[in-house]
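Heads up, the thing below is written out as structure tokens.
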Amino acid sequence: MSAAFRWRMLLPSKRIIACLDVKAGRVVKGVRFEGHIDAGDPAECAARYRDEGADEIVIYDITASAERRTIDYFWLAGIARALDIPLAVAGGIRTLDQAIACLEHGADKVSINSPALERPELIEEIARVAGSQCVVVGVDSRAIEGEWMTHQYTGSAETMRRTPRRMLDWIAEAQARGAGEIVLNCMDQDGVRAGYDIAQLNAARALLSIPLIASGGAGAAAHFVDVFRGTEVSGALAAGIFHSGAVRIGDVKHAMRSAGLEVRP
Amino acid sequence: MEVAVIKLGVGNTASVLFALERLGARGVLTDDPAQIAGAERVILPGVGAAGHAMHKLRASGADEALRAFPRPLLGICLGQQLLYQRSEEGAAEGLGLLAGDVTALATSRELPAPHMGWSAVRAERAHPLLAGVASGDYFYFVHSYVCPVDAQTIAIANYGRSFAAVSGAGNVFGCQFHPERSGAPGARVLQNFLALPC
């Protein structure tokens, strides 16, 4: 066994997670709070990202929560049927039954965000029945007067609002309630493409014993190297830059490998 | 080929059924002992807690059908752990088809639990289940408990410590990773399982 192989055995690879922002059944791109441009069919996009080396796919129905509905299960099953890498679903899941329906239609994980803030018990309910590993809590956070504050209904500018919860309090509570993973979306960076918010991610990581995923800010392959070197996040999520083709997942993995980071081929 | 996929109540069994479909096999979700006994292959999937899953298996009588099943049987993730004698998770009794006990992963800042992600797997011995799989290929894991490294181990992975990524004895096999979500290497393991001689 080579030394390189022995080293590889020590830690899991850093995950590159491609998020499909979906609106009315189509992938959309653009800065989230402005106009959206059509970027293709979700099943085709998911297959393309898989082929390019994505480690995980998230299907995020961006307007579901604000419109008080959830994802279309049969449509979800259509995507899951063809996919042989992990699939998470986000958007409007606000009851245990809806979470179970997503899992039964081929999702491996459900990601809950605004509904968990409405009713934090939802985290426990899903974790107790389906296991913590199925429950991802997504958190939208933005600095307000020097405090990272949690935001809700961020799918559109009209519905978005700040909550009274501090981000650090909320992720600790989510973990205590049984979340299996936290996706921290740093809104000040989101769509700006200037890199992930390393300071905020490090502050979050220090509170958690479950995996943390970085979200918001990726604009170049080098930003993924920066976030994995600067923080102990388990993965990094991006949406827009992959949809537009500005950055290819293969380029990200190449940059990570060149930097000596653990990466799945 | 008909594959009985054991129903444990809640779980993402759809992804296992879809993977079988992609390989041209027919997965049937069931907890009926007669249907299990008549299947050509059995897959015991599993998410959730060991105690709850064993309770479900005992309630349906599937536990005895699994113990008596004479053809290849594959436990996936929690399903692998259930094959052993005991699990530290809720001090649950397992099926006892493989010897040894399942223990919890130690966690730390560098190694958060669950172990969720892609890890390299190394073969410990040549086995038809791993035909066409290279040592060092990556598989997708989601778990907080691990099966012991011993004579039943076919392949290992590492997360703070080594554990049995693939294990087996006789007609009974288990893998800690999710082959249905592990890309081409995962599909190969499932295909190898379907091709095992009866």
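Would you point out the residue of the range A:231-265, among those that are among the β-branched types (V, I, T), over 15 Å from the mean Cα position of the chain (by Cα) and part of a loop (DSSP other than H, G, I, E, B), that is farthest from A:D190 (Cα to Cα)?
Filtering the range A:231-265 down to residues among the β-branched types (V, I, T) leaves A:231, A:233, A:241, A:247, A:249, A:252, A:263.
Pick out the ones that are also over 15 Å from the mean Cα position of the chain (by Cα) and you get A:231, A:247, A:249, A:252, A:263.
Then drop every residue that is not part of a loop (DSSP other than H, G, I, E, B), which leaves A:231, A:247, A:263.
Working: A:T231: 18, A:V247: 16, A:V263: 24 Å.
Among those residues, the one meeting the criterion is A:V263.
Could you give every pair whose Cβ atoms fall below 9 Å, whose first residue belongs to the range A:82-99 and is within 11 Å of chain B (Cβ to nearest Cβ) and over 21 Å from A:A54 (Cα atoms), and whose second residue is in a loop (DSSP other than H, G, I, E, B) and at pLDDT below 95, counting only separations of at least 6 or pairs across chains?
A:A99/A:I93; A:A99/A:A107
Please go through the range A:69-81 and pick out each residue that is surrounded by fewer than 20 Cβ atoms within 10 Å (Cβ to Cβ), touching a residue at least 24 places away in the same chain (Cβ under 8 Å) and either acidic (D, E) or out of contact with any His (no Cβ under 8 Å at 6 or more places or on another chain) (or both).
Within the range A:69-81, A:D72, A:W75, A:G78, A:R81 meet the criteria.
Could you pull out the residue among B:F193, B:F141 that is within 14 Å of chain A (Cβ to nearest Cβ) and of a type in the set (F, W, Y)? Outline the logic, then answer.
Working: B:F193 fails: within 14 Å of chain A (Cβ to nearest Cβ).
Exactly one of B:F193, B:F141 is within 14 Å of chain A (Cβ to nearest Cβ) and of a type in the set (F, W, Y), namely B:F141.
Checking the structure you have, find out if any residue of the range A:155-167 is surrounded by 18 or more Cβ atoms within 10 Å (Cβ to Cβ) and assigned to a loop (DSSP other than H, G, I, E, B).
From the range A:155-167, those surrounded by 18 or more Cβ atoms within 10 Å (Cβ to Cβ) are A:155, A:160, A:165, A:167; that's our starting set.
From what's left, assigned to a loop (DSSP other than H, G, I, E, B): A:155, A:160.
Within the range A:155-167 (the criterion being surrounded by 18 or more Cβ atoms within 10 Å (Cβ to Cβ) and assigned to a loop (DSSP other than H, G, I, E, B)), the answer is yes, since at least one residue qualifies.
If a residue counts only when it is on the phi > 0 side of the Ramachandran plot and basic (K, R), which strands (runs of 3 or more DSSP E) contained entirely in the range A:33-105 have at least 1 such residues?
Working: elements: A:37-40, A:56-61, A:87-90.
By residue number, no strands (runs of 3 or more DSSP E) qualify.
Residue-by-condition table, conditions (1) under 25 Å from A:D97 (Cα atoms); (2) at pLDDT below 90:
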| position | (1), (2) |
| --- | --- |
| A:E125 | yes, no |
| A:G131 | yes, yes |
| A:A143 | no, no |
| A:R165 | no, no |
| A:D169 | no, no |
| A:E173 | yes, no |
| A:A176 | yes, no |
| A:E181 | yes, no |
| A:D190 | no, yes |
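Among the residues of the range A:159-186, which ones are charged (D, E, K, R) and either free of Cβ contacts under 8 Å to residues at least 24 places away in the same chain or within 15 Å of A:L201 (Cβ to Cβ) (or both)?
In the first step, residues of the range A:159-186 are kept if they are charged (D, E, K, R); the result is A:161-162, A:165-166, A:169, A:173, A:177, A:181.
Result: A:R161, A:R162, A:R166, A:D169, A:E181.
Which residues, taken from the range A:185-231, are within 14 Å of chain B (Cβ to nearest Cβ), touching a Lys or Arg at 6+ places or on another chain (Cβ under 7 Å) and under 19 Å from A:K253 (Cβ atoms)?
Residues satisfying the conditions are A:F228, A:T231.
Go through the range A:106-124 and give me each residue that's part of a helix (DSSP H, G or I) and surrounded by fewer than 18 Cβ atoms within 10 Å (Cβ to Cβ). Spell out how you get there, then give the answer.
Of all residues in the range A:106-124, those part of a helix (DSSP H, G or I) come to A:114-118, A:121-124.
Hits for the range A:106-124 are A:E118, A:E121, A:E124.
Spot the failing condition for A:A66; the list is (1) touching a Phe, Trp or Tyr at 6+ places or on another chain (Cβ under 7 Å); (2) crowded, with 24+ Cβ neighbours inside 10 Å, and only one is missed.
(2)
Which one of these does A:G178 not meet: (1) assigned to a loop (DSSP other than H, G, I, E, B); (2) more than 14 Å from chain B (Cβ to nearest Cβ); (3) surrounded by fewer than 22 Cβ atoms within 10 Å (Cβ to Cβ)?
All conditions are met except number (2).
The values are calculated or read from the model by the stated rules, or taken from the named source; none is laboratory data. Keep in mind that what you see is a predicted model, and the values were worked out from it rather than measured. A quick note on method: Cβ atoms are made from the backbone with ideal geometry, for glycine too, and the neighbour counts reach across all protein chains shown.
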